[in-house]
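The values are calculated or read from the model by the stated rules, or taken from the named source; none is laboratory data. All figures in this text were calculated on a predicted structure; none of them were measured in a lab. Cβ atoms come from the backbone with ideal geometry, glycine included; neighbour counts cover every protein chain shown.
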Amino acid sequence: MTHVECPFCERRCTLTELSGGFCQTYQAIDGAVVERFPHRYSSSVISHIEAIPFYHFQPGSRSLMLGGAGCNFDCHYCSNAYVARCDPEPLLTLHLPPERVVRFADQAGCHNITFAVNEPTVALPTLLALSPVARAAGLPVGVLTNGYMQPDVAVQMGEAFDFVNVSLKAINDDFYREYVGVPAASVIMRNIETLHGKTHLEVSTPVVQGLNDGDISAIADFIASISPEIPWHVFRLLPEYKMADYERPPIEAINTALEAAREKLPYIYFGNFVGSQWVSTICPRCGSVAVERINLGGCGAKPLTYHLNDNRCAACDYALPIAGEPITWNSKEVM
Amino acid sequence: MEIGLIDVVEWQTAVDFRTGRPVVVDHPRVDLAAEVLRAHPYPGDLTGEGDRWVTNTALDLNERYAPDFMLLTYANLYFPAVFSPLSEGERAAHIVQTFEQVERFLNESGFVPVIVGLGDFVPFQGYVYLTDLEGQVVSGGMNPRYAGLNQATARDLSRLAEREGVARLFTRDAFRVQFGGCQQFYDRFPEHLVVAEEGYIFRGPSSGARPLYRVPKYDRTLPLYTSLGAVEAITDVAGLTLHALERERVALILVEGVGCKSFPLSFQPISNALHWHTYSVGDSQYLALTTGKHFVEHPYPPGYRYYVDDGEDKPYPFSAIFTEMPPDTIGARFAGRSAAVGGRGILTHAVAGVDIAIECFVRALYNHGVMAVVLTE
């Protein structure tokens, strides 16, 4: 039986014909690594791009959000453990070749396609096949990722995907070791640096009080050192799975820490709780609301109004780092 | 004005419920609701404690506000049955626990009850895949047994005619001839409506990932427990309740996940059907119960492209598909004090039309907290 090292994530699992590695989505056949469930998805829903969340890419757009199954992490607080930490096969009931995904997106009036819910690295060949077909149809493709891929895979992602949100869960290795099950944060930080400049990049961090809230300032420093224009989504974590009994983090305390961080990183959003008042884009020069959003539950938001002229602040003309002008929700409706 | 008061545990905020924007509000009814929310964090849909939360919260609200009409929705028999491999024995035990909570509420509050079980379950039989169709498919929701189909090709229609799990296929006109109804309903109605056989669920471009274990039975009758008189159909419950409210304090109690086969109290069977259509848990069933009007008289048909309404300017952003608060609900028609508490998010406040509606804020089983919708005028 041949043994092959998986080339996708930094776990570098040894694959055989019988062993699918940690994520269970790849195997080795005749010495080659093969995706076990190509073009298969667990879910497909229509969403505001801000709900996923992407706040600075095609604001207002309608996204076809796809989900798969399996993950290369074992986050103890995972809110999607039913798809991430499971046998992927019975969940992957939607067989959608790229052309069909694109047709769905078009028929539903979507402006782009996003792979979220679980980790894209565990279905990379499928997504790399989808991207050119979607791009040819005028549909940018984006992903949410935990960033734990090998360096050349990060390059591939940066080239294949038009928008990427990387979850940087902490900047201390202890957190990653104890609560995520991988040895180091440095891999994710390296890949964030790789992705920046290759694609539209946003970063997310779930805050668990007492575990990684002390990293807020250091994470802001790290992101700002790459570019202060990178949007950073900070989530008030609602722990589930192995940490379901863990307390919800205090909003005021976290926001106080974020206020200081906003001095160096102006596009910090604080959400994942209903009614959050920190999900709008504030002009860093004049303090006006440039994009007004509301949180309806979940890690993202819904846009309400734009105070922009050519993506410049309508009040002071400051250029805001937003890729693409606001898109009207029903602009592709033809029926 | 309608105020939305959101509590996510140790943090509250108030919004203009129609626009979703934050507001500062000073109103005794809002203050009262804030205290109730703070005292009763929601335990979650799958913990088995949600129905106890309904009773605790309802008793507290009754104590503080003293309404004459209350709507309660008990939903914790629904979620574990649909989304977990619960045995029938476990389900029977859950039913006992839920009705203990219903009984506790009635014993301690003194309301005259109107209790409706919203239907039984059948084992999940399988998915009906619509991903191969060339037309546009809409099959949203947690367990869609209807799918809308637009721009269908002849091949689509012939495929559906032979597909296992498909019970019926209608054109919009054929449906309208049989069911009638309001113009708004048909303005949104899909060109074709596909109906699944009992036990089957459609799977298409807008489908979730959670595995299913049971799905709602196509119950033609529902159990109704009340001493207020005999009625025939689901659409008679609102009238019965309003009539009784002229002389008594009445609680309309909707219990999801129990039907005539599993309802533990003596009951009268009432029709849960219109022609071949049977109601199951969702906006149309709740609206039929609280407005007295069948689903074809409301602007939310099955299989419609719900997402088209979800633009930046959609009113009531916390109310999912609802673009207005239904005007003909019991709460909206009753002049006295009214309140609601529900383990069924969104539907509780939308169909109650009451002065103060408190519900869990859960979306796709994620527990975000609790919300009150408070009328200040």
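Give the residues of segment A:112-138 that are part of a helix (DSSP H, G or I), among the small types (Gly, Ala, Ser) and in contact with a strand residue (DSSP E or B) (Cβ under 6 Å, 6 or more places away or on another chain), sorted by residue number.
A:Ser131, A:Ala134
Counting only residues that are in contact with a helix residue (DSSP H, G or I) (Cβ under 9 Å, 6 or more places away or on another chain) and within 7 Å of chain A (Cβ to nearest Cβ), which one in segment B:10-24 is nearest to B:Ala372 (Cα to Cα)?
Among those that are in contact with a helix residue (DSSP H, G or I) (Cβ under 9 Å, 6 or more places away or on another chain) and within 7 Å of chain A (Cβ to nearest Cβ), it is B:Val15.
What is the number of the single condition among (1) more than 26 Å from B:Val82 (Cα to Cα); (2) more than 14 Å from chain A (Cβ to nearest Cβ) that B:Gly119 does not meet?
Only one criterion in (1) more than 26 Å from B:Val82 (Cα to Cα); (2) more than 14 Å from chain A (Cβ to nearest Cβ) is unmet by B:Gly119, namely (1).
Suppose we filter segment A:164-191 for residues that are outside any helix (DSSP H, G or I) and charged (D, E, K, R); how many remain?
Result for segment A:164-191: 1.
List every residue pair whose Cβ atoms lie under 6 Å apart, where the two residues are 6 or more positions apart in sequence or sit on different chains, the first residue falls within segment A:245-257 and is within 17 Å of A:Trp232 (Cα to Cα), and the second residue, located anywhere, is buried (at least 17 other Cβ atoms within 10 Å of the Cβ) and modelled with pLDDT of 90 or more.
Short answer, once both residue conditions are applied: A:Ile251/B:Trp11; A:Ile254/A:Val207; A:Asn255/A:Phe270; A:Ala257/A:Ile216.
Among the residues of segment B:197-208, is there at least one that is crowded, with 20+ Cβ neighbours inside 10 Å, over 30 Å from A:Asp87 (Cα atoms) and of a type outside the set (Asp, Glu)?
There is no residue in segment B:197-208 that is crowded, with 20+ Cβ neighbours inside 10 Å, over 30 Å from A:Asp87 (Cα atoms) and of a type outside the set (Asp, Glu).
Any residue at all in segment A:11-34 that is within 21 Å of the chain's Cα centre (by Cα), among the aromatic types (Phe, Trp, Tyr) and within 14 Å of chain B (Cβ to nearest Cβ)?
No: zero hits.
So which residues in segment B:287-325 are of a type in the set (A, V, I, L, M), over 16 Å from B:Phe189 (Cα atoms) and in a helix (DSSP H, G or I), if there are any at all?
Passing the criteria: B:Leu287, B:Ala288, B:Leu289.
Every residue, every condition in (1) within 30 Å of B:Thr290 (Cα to Cα); (2) out of contact with any strand residue (DSSP E or B) (no Cβ under 8 Å at 6 or more places or on another chain); (3) within 14 Å of chain A (Cβ to nearest Cβ), yes or no:
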site	(1), (2), (3)
B:Ser87	no, yes, no
B:Arg104	yes, yes, no
B:Gly135	no, no, yes
B:Val138	yes, no, yes
B:Gln151	no, no, yes
B:Arg155	no, yes, no
B:Ala161	no, no, no
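Within segment B:1-18, how many residues are touching an Asp or Glu at 6+ places or on another chain (Cβ under 9 Å) and either under 17 Å from B:His368 (Cβ atoms) or of a type outside the set (Asp, Glu) (or both)?
9
Going through segment B:326-377 one residue at a time, which ones are among the β-branched types (Val, Ile, Thr), part of a loop (DSSP other than H, G, I, E, B) and away from chain A (no Cβ under 14 Å)?
Those that are among the β-branched types (Val, Ile, Thr), part of a loop (DSSP other than H, G, I, E, B) and away from chain A (no Cβ under 14 Å): B:Thr329, B:Val354, B:Thr376.
So if I check each of B:Leu77, B:Leu106, B:Leu118, which one is over 20 Å from the mean Cα position of the chain (by Cα) and in contact (Cβ under 8 Å) with a residue 24 or more places away in the chain?
Within the list B:Leu77, B:Leu106, B:Leu118, the selection yields B:Leu106.
Take B:Arg188 and decide whether it is within 14 Å of chain A (Cβ to nearest Cβ) and in contact (Cβ under 8 Å) with a residue 60 or more places away in the chain.
yes
Test of understanding: among A:Gly109, A:Gly70, which residue is outside any helix (DSSP H, G or I), modelled with pLDDT of 95 or more, within 13 Å of chain B (Cβ to nearest Cβ) and surrounded by fewer than 24 Cβ atoms within 10 Å (Cβ to Cβ)?
A:Gly109
Does segment B:247-260 contain any residue that is without any contact (Cβ under 8 Å) to a residue 60 or more places away in the chain and farther than 14 Å from B:Leu118 by Cβ?
Checked segment B:247-260: at least one residue is without any contact (Cβ under 8 Å) to a residue 60 or more places away in the chain and farther than 14 Å from B:Leu118 by Cβ.
Out of all the residues in segment A:172-188, is one or more more than 14 Å from chain B (Cβ to nearest Cβ), buried (at least 20 other Cβ atoms within 10 Å of the Cβ) and more than 22 Å from A:Gln24 (Cβ to Cβ)?
For segment A:172-188, residues more than 14 Å from chain B (Cβ to nearest Cβ), buried (at least 20 other Cβ atoms within 10 Å of the Cβ) and more than 22 Å from A:Gln24 (Cβ to Cβ): present.
Here is a list of conditions, (1) away from chain B (no Cβ under 14 Å); (2) in contact (Cβ under 8 Å) with a residue 12 or more places away in the chain; (3) surrounded by fewer than 24 Cβ atoms within 10 Å (Cβ to Cβ), and A:Gly138 meets all of them except one; can you say which number that is?
Result: A:Gly138 fails condition (2) only.
Condition first: crowded, with 21+ Cβ neighbours inside 10 Å and in contact with a helix residue (DSSP H, G or I) (Cβ under 9 Å, 6 or more places away or on another chain). Now tell me which residues in segment B:306-318 satisfy that.
Answer for segment B:306-318, where residues must be crowded, with 21+ Cβ neighbours inside 10 Å and in contact with a helix residue (DSSP H, G or I) (Cβ under 9 Å, 6 or more places away or on another chain): B:Tyr316, B:Phe318.
Is it true that some residue in segment B:3-13 is surrounded by fewer than 17 Cβ atoms within 10 Å (Cβ to Cβ), in a strand (DSSP E or B) and in the same structural domain as B:Gly342 (by TED's automatic domain parsing)?
no
If we scan segment A:154-162, do we find a residue that is touching a Phe, Trp or Tyr at 6+ places or on another chain (Cβ under 7 Å) and either on the phi < 0 side of the Ramachandran plot or not assigned by TED's automatic domain parsing to the domain that holds A:Ser79 (or both)?
Among the residues of segment A:154-162, not one is touching a Phe, Trp or Tyr at 6+ places or on another chain (Cβ under 7 Å) and either on the phi < 0 side of the Ramachandran plot or not assigned by TED's automatic domain parsing to the domain that holds A:Ser79 (or both), which makes the answer no.
Of everything in segment A:38-66, what is buried (at least 24 other Cβ atoms within 10 Å of the Cβ), at the interface with another protein chain (Cβ under 9 Å from one of its Cβ atoms) and part of a strand (DSSP E or B)? Give them in sequence order.
Scanning segment A:38-66 gives A:Tyr41, A:Ser44, A:His48, A:Arg62, A:Leu64.
Within segment B:30-51, track down each residue that is surrounded by 19 or more Cβ atoms within 10 Å (Cβ to Cβ) and either touching a Pro at 6+ places or on another chain (Cβ under 8 Å) or assigned to a loop (DSSP other than H, G, I, E, B) (or both).
Across segment B:30-51, the qualifying residues are B:His40, B:Tyr42, B:Gly44, B:Asp45, B:Gly50.
How many residues are of a type in the set (S, T, N, Q) and free of Cβ contacts under 8 Å to residues at least 12 places away in the same chain if we restrict to segment B:171-185?
Looking only at that region, the number is 1.
Quick test for you: out of A:Ile254, A:Ile327, pick the one residue that is farther than 26 Å from B:Arg18 by Cα and of a type outside the set (Phe, Trp, Tyr).
A:Ile254
Go through segment A:75-99 and give me each residue that's surrounded by fewer than 19 Cβ atoms within 10 Å (Cβ to Cβ) and in contact with a His (Cβ under 9 Å, 6 or more places away or on another chain).
Correct list: A:His95, A:Pro97.
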